[in-house]
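*Asks:* I have a structure here, written as structure tokens, and I will follow up with some questions on it.
The values are calculated or read from the model by the stated rules, or taken from the named source; none is laboratory data. Note that this is a predicted model, so its numbers are computed, not measured. Backbone-built Cβ (ideal geometry, glycine too); neighbour counts: all protein chains shown. Quick note on the areas: whole protein, heavy atoms, side chains included, nothing else; ligands and nucleic acids left out. Shrake-Rupley method; radii C 1.70, N 1.55, O 1.52, S 1.80 Å.
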Amino acid sequence: MSEGEGKQGVPWRIIGIGSPVAGDDLGWLAIDWLRNAGFDRDAELLTLDRPGPALIDYLQPDSWVILIDAMDAGLPAGSVRELALDGINVRASAPSSHDLGLAEALALARALGGLPRHLYVVGIQMGADGADGAGQEWRREACSALTTRVRGMMQVPVAVGTEAIS
Amino acid sequence: MAGVEGTLVSEQREIRIEVPVLARVEGEGALELTASEGRIETLRLRIFEPPRYFEKFLEGREPQEVLDVVARICGICPVAYQMTAVQALEQAFGMRASPYVTQLRRLMYCGEWLQSHALHIHLLALPDFLGFENGIAMAGKHPGAVRRGLRLQRLGNDLIRLFGGRSVHPVGMRVGGFHRAPDAERAAAVLEELKSVLPDAEALVAFTASLDLPDDEQDFVSVALRNENEYAMYSGRIVSDHGLDLPVEDYLERFQESHVAHSTALYAHLDGKPYLVGPLARLNLNHDRLSPPVKSALEATGLRLPSRNMFHSVIARAVEIHEVVLEAIRLLEAYRPEDPAHVPMTPRAGVGCGATEAPRGLLWHRYQVDAAGKVLTAQIVPPTAQNQARIEDDLKCSLEAFGLHNDDDALRLRGEMVVRNYDPCISCATHFLKVRVERR
């Protein structure tokens, strides 16, 4: 696995999570957008197709990680929110064989002592896509807002467990 | 378990427990039992998740669409559904997969057993036996065990991804073979990883056998595929330990599906009686087909087979992990890419059946197709549906043996442990656990 160097000489890894199809592709779309914006010069950009617990392999304690995932928080489509890690852990439930999602993987990583030194989790509110191209606009706006948010994150690292910024 | 709610109506000597969801089991359902004078009078495993209608969705679909649709039945065992469907369609078309393709399919299937069993043992079953609420709580005290499970699971997914393009809902399979064979370099990388985890896989057999498992002997019928040349996974005849031995296409002659009022999933019976499918049934019926190193590891545990203790399922899964790691190493060492990695599809009207061993047990498909290969009718019998009646029988025996004098939390926990032995996928069967106990 190659690692990009951040502006402060720090290895950043930005990971888009989800399925490449069926409306759960916002993490993938974000990575494409960031790559086109040149973020691959300063960070390793990855997409992971529903990794489950395999996400932990990408969360080494000495790494600097930004996770981007689609979310359903009842917000307007395309809303971008940084999620507080403490809040995510509260929602983590006992994993079942088929339901070991982002919250459970992060809780498991934390229990194993493996959370990155700097970790941000960003959610993009899912929305409907119309056959006539509806949905493209909110996606563009979401990616634009996300780019600004990620750029800021890469300049000002904060400690794990920070409060959400919305 | 989170969210336990309870009401006690002691004046009427009746206790009711509501548990919103059964932890560490996939799907939604409920367990209801009525007991009197220390005996269970009625026990129902209620499955109320709405039917998913996959068999109806498949009507009118072309062969490749079938493989894409059936993969969506389950996120953990999509390979099993694809393998079984492709067998049935090829039989309907009068096609026979080449030995090369058959070996690659078995190799890919090894990946699914590895990832499914590794996850079940380490995150779902072990907390029961080591005294933790769940795998996350267990991880802080037993990080080595959890990391071992995650590593084995990831490797299983790597193997699926090698042939399927991705590990969830893979897309590499087609009627006649695979869209393309993976590069030798990528296969070699997975091979090296498999070799590196072989000691872990072998040690897992002894580890699971050393667990303090409940002693709960019961009488039941084991059913599985049996193959003359290998530990049955991808193909074989359907056999039982009570003399059953029939070809896959004759399944409906002896197995019956039926509705019961308390479940949206169909029940399956063998000659009118419950039966067991899954890792323990397979091990009971096929332990003589294990490779020599696995036989040695198993013999060293002292486990006597056939086993009548469903809690030995965790050992059976570990044995099968050892077997598939060795088998995948053997197959990958012989692997050479071929182009094309399939034979042309030759659709024709007909009927075809397929059966494979999904991680949770026997999976059976039947398709009637038209001259273009489009599906006219489809029938899918998943492992969890076949195990439903056996789970109910097991719960009756286990809870009575455990003792109904135990408090409701203890009964609930024991009941959940019993159910988890089957690693049920109610999503596949169509889904599961509230527990309601009434004592009179």
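*Asks:* Filter the range B:126-140 for residues that are open to solvent by 10 Å² or more (accessible area, probe 1.4 Å) and more than 9 Å from chain A (Cβ to nearest Cβ) and give the result. Please lay out each step first, then the result.
*Replies:* Step one: of the range B:126-140, the residues open to solvent by 10 Å² or more (accessible area, probe 1.4 Å) are B:128-134, B:136-137, B:140.
The answer is B:ASP128, B:PHE129, B:LEU130, B:GLY131, B:PHE132.
*Asks:* Answer yes or no as to whether B:SER296 is of a type outside the set (A, V, I, L, M, F, W, C) and closer than 20 Å to B:ARG226 by Cα.
*Replies:* Here the answer is no, as B:SER296 does not meet what is asked.
*Asks:* Might you check whether a residue that is surrounded by fewer than 16 Cβ atoms within 10 Å (Cβ to Cβ), modelled with pLDDT under 95 and either out of contact with any Gly (no Cβ under 7 Å at 6 or more places or on another chain) or part of a loop (DSSP other than H, G, I, E, B) (or both) occurs anywhere in the range B:76-89?
*Replies:* Residues of the range B:76-89 surrounded by fewer than 16 Cβ atoms within 10 Å (Cβ to Cβ): none.
Within the range B:76-89, not a single residue is surrounded by fewer than 16 Cβ atoms within 10 Å (Cβ to Cβ), modelled with pLDDT under 95 and either out of contact with any Gly (no Cβ under 7 Å at 6 or more places or on another chain) or part of a loop (DSSP other than H, G, I, E, B) (or both).
*Asks:* Just one of the numbered conditions (1) open to solvent by 50 Å² or more (accessible area, probe 1.4 Å); (2) aliphatic (A, V, I, L, M); (3) modelled with pLDDT under 95; (4) not in a helix (DSSP H, G or I) is not true of B:LEU413; which one?
*Replies:* Every listed condition holds for B:LEU413 apart from (4).
*Asks:* Right, here's the next one. Name the pairs: first residue in the range B:189-212 and closer than 14 Å to B:ARG330 by Cβ, second residue of a type in the set (D, E, K, R), Cβ to Cβ under 6 Å, at least 6 apart or on different chains?
*Replies:* Matching pairs, first to second residue: B:VAL190/B:ASP158.
*Asks:* Tell me the strands (runs of 3 or more DSSP E) entirely within the range B:187-263 that contain at least 1 residues that are within 24 Å of B:ALA97 (Cβ to Cβ).
*Replies:* Details: elements: B:223-226, B:237-240, B:255-260.
Where strands (runs of 3 or more DSSP E) fall fully within the range B:187-263 and carry at least 1 residues being within 24 Å of B:ALA97 (Cβ to Cβ), they are B:223-226, B:237-240.
*Asks:* Can you spot a residue in the range B:378-397 that is within 17 Å of the chain's Cα centre (by Cα), hydroxyl-bearing (Ser, Thr, Tyr) and within 19 Å of B:SER258 (Cβ to Cβ)?
*Replies:* yes
*Asks:* So B:ALA181 passes all but one of these: (1) outside any helix (DSSP H, G or I); (2) farther than 30 Å from B:ARG61 by Cβ; (3) at pLDDT 95 or above. Which condition number does it fail?
*Replies:* Condition (2) is where B:ALA181 drops out.
*Asks:* Quick check on the range B:149-156. Is at least one of its residues open to solvent by less than 10 Å² (accessible area, probe 1.4 Å) and away from every other protein chain (no Cβ under 14 Å)?
*Replies:* So far as the range B:149-156 goes, no, none of its residues is open to solvent by less than 10 Å² (accessible area, probe 1.4 Å) and away from every other protein chain (no Cβ under 14 Å).
*Asks:* Given (1) under 27 Å from B:TRP113 (Cα atoms); (2) modelled with pLDDT under 90; (3) of a type in the set (Gly, Ala, Ser), identify the lone condition not met by A:SER2.
*Replies:* (1)
*Asks:* Which one of these is open to solvent by less than 10 Å² (accessible area, probe 1.4 Å) and within 10 Å of chain A (Cβ to nearest Cβ): B:LEU123, B:LEU159, B:LEU107?
*Replies:* Values: B:LEU159 fails: within 10 Å of chain A (Cβ to nearest Cβ); B:LEU107 fails: within 10 Å of chain A (Cβ to nearest Cβ).
Of B:LEU123, B:LEU159, B:LEU107, the one residue that is open to solvent by less than 10 Å² (accessible area, probe 1.4 Å) and within 10 Å of chain A (Cβ to nearest Cβ) is B:LEU123.
*Asks:* Answer yes or no as to whether B:ARG52 is open to solvent by 30 Å² or more (accessible area, probe 1.4 Å), within 14 Å of chain A (Cβ to nearest Cβ) and not aliphatic (A, V, I, L, M). Can you show your working first?
*Replies:* Values: open to solvent by 30 Å² or more (accessible area, probe 1.4 Å): yes; within 14 Å of chain A (Cβ to nearest Cβ): yes; not aliphatic (A, V, I, L, M): yes.
So B:ARG52 passes the test.
*Asks:* So which pairs qualify, if the first residue must be in the range B:67-84 and within 10 Å of chain A (Cβ to nearest Cβ), the second must be open to solvent by 10 Å² or more (accessible area, probe 1.4 Å) and part of a helix (DSSP H, G or I), the Cβ gap must be under 6 Å, and the two must be at least 6 apart or on different chains?
*Replies:* Between residues of the range B:67-84 that are within 10 Å of chain A (Cβ to nearest Cβ) and residues that are open to solvent by 10 Å² or more (accessible area, probe 1.4 Å) and part of a helix (DSSP H, G or I), the close pairs are B:CYS74/B:CYS428.
*Asks:* Can we say B:TYR275 is among the hydroxyl-bearing types (Ser, Thr, Tyr), open to solvent by less than 30 Å² (accessible area, probe 1.4 Å) and under 18 Å from the mean Cα position of the chain (by Cα)? Show your work before the answer.
*Replies:* Values: among the hydroxyl-bearing types (Ser, Thr, Tyr): yes; open to solvent by less than 30 Å² (accessible area, probe 1.4 Å): yes; under 18 Å from the mean Cα position of the chain (by Cα): yes.
So B:TYR275 passes the test.
*Asks:* It is to be established whether one or more residues within the range B:222-238 are within 21 Å of B:ALA389 (Cβ to Cβ), open to solvent by 20 Å² or more (accessible area, probe 1.4 Å) and within 20 Å of the chain's Cα centre (by Cα).
*Replies:* In the first step, residues of the range B:222-238 are kept if they are within 21 Å of B:ALA389 (Cβ to Cβ); the result is B:222-225, B:238.
Next cut, open to solvent by 20 Å² or more (accessible area, probe 1.4 Å) only: none.
No: zero hits.
*Asks:* Kindly indicate whether any position in the range B:221-242 is within 30 Å of B:GLY144 (Cα to Cα) and in contact with a helix residue (DSSP H, G or I) (Cβ under 6 Å, 6 or more places away or on another chain). Lay out the reasoning, then the answer.
*Replies:* Start the filter on the range B:221-242 by keeping residues that are within 30 Å of B:GLY144 (Cα to Cα), which leaves B:231, B:233.
Those still in the list that are in contact with a helix residue (DSSP H, G or I) (Cβ under 6 Å, 6 or more places away or on another chain) too: B:231, B:233.
Checked against the condition, which is being within 30 Å of B:GLY144 (Cα to Cα) and in contact with a helix residue (DSSP H, G or I) (Cβ under 6 Å, 6 or more places away or on another chain), the range B:221-242 yields at least one hit.
*Asks:* Would you check which residues across the range B:361-381 are within 20 Å of B:GLY75 (Cα to Cα), open to solvent by less than 10 Å² (accessible area, probe 1.4 Å), in contact with a strand residue (DSSP E or B) (Cβ under 7 Å, 6 or more places away or on another chain) and not aromatic (Phe, Trp, Tyr) and list them? If you could, list the steps in order and put the result at the bottom.
*Replies:* The initial filter retains those residues of the range B:361-381 that are within 20 Å of B:GLY75 (Cα to Cα), namely B:361-365, B:379-381.
If we keep only those that are open to solvent by less than 10 Å² (accessible area, probe 1.4 Å) too, we end up with B:361-365, B:381.
From the residues that got through so far, the ones that are in contact with a strand residue (DSSP E or B) (Cβ under 7 Å, 6 or more places away or on another chain) too are B:362-365, B:381.
Answer for the range B:361-381, where residues must be within 20 Å of B:GLY75 (Cα to Cα), open to solvent by less than 10 Å² (accessible area, probe 1.4 Å), in contact with a strand residue (DSSP E or B) (Cβ under 7 Å, 6 or more places away or on another chain) and not aromatic (Phe, Trp, Tyr): B:LEU362, B:LEU363, B:HIS365, B:VAL381.
*Asks:* Taking the conditions exactly as written (modelled with pLDDT of 95 or more and either within 26 Å of B:GLU62 (Cβ to Cβ) or at the interface with another protein chain (Cβ under 10 Å from one of its Cβ atoms) (or both)), does B:PHE207 satisfy them or not? Break it down into steps so the answer makes sense when it comes.
*Replies:* On the way: modelled with pLDDT of 95 or more: yes; either within 26 Å of B:GLU62 (Cβ to Cβ) or at the interface with another protein chain (Cβ under 10 Å from one of its Cβ atoms) (or both): no.
When the stated conditions are applied, B:PHE207 does not pass them.
*Asks:* Considering only residues that are more than 10 Å from every other protein chain (Cβ to nearest Cβ) and either open to solvent by 10 Å² or more (accessible area, probe 1.4 Å) or not β-branched (Val, Ile, Thr) (or both), which ones fall in the range A:107-122? Quick ask: steps written out before the conclusion?
*Replies:* Just the residues of the range A:107-122 that are more than 10 Å from every other protein chain (Cβ to nearest Cβ), to begin with: A:115-122.
Selection gives A:LEU115, A:PRO116, A:ARG117, A:HIS118, A:LEU119, A:TYR120.
*Asks:* Which of the residues that make up the range B:163-194 are under 12 Å from B:MET83 (Cα atoms) and in contact with a Leu (Cβ under 8 Å, 6 or more places away or on another chain)?
*Replies:* Passing the criteria: B:MET173, B:ARG174, B:VAL175, B:GLY177, B:PHE178.
*Asks:* Still on this structure: Being assigned to a loop (DSSP other than H, G, I, E, B) and farther than 15 Å from B:ALA92 by Cβ is the filter; apply it to the range B:344-372 and report the residue that is modelled with the lowest pLDDT. Give the derivation first.
*Replies:* Here is the first cut: in the range B:344-372, the ones assigned to a loop (DSSP other than H, G, I, E, B) are B:344-349, B:359-360, B:370-372.
Applying the additional criterion that residues be farther than 15 Å from B:ALA92 by Cβ yields B:344, B:359-360.
Working: B:PRO344: 93, B:PRO359: 97, B:ARG360: 96.
Looking at the filtered set, the residue picked out is B:PRO344.
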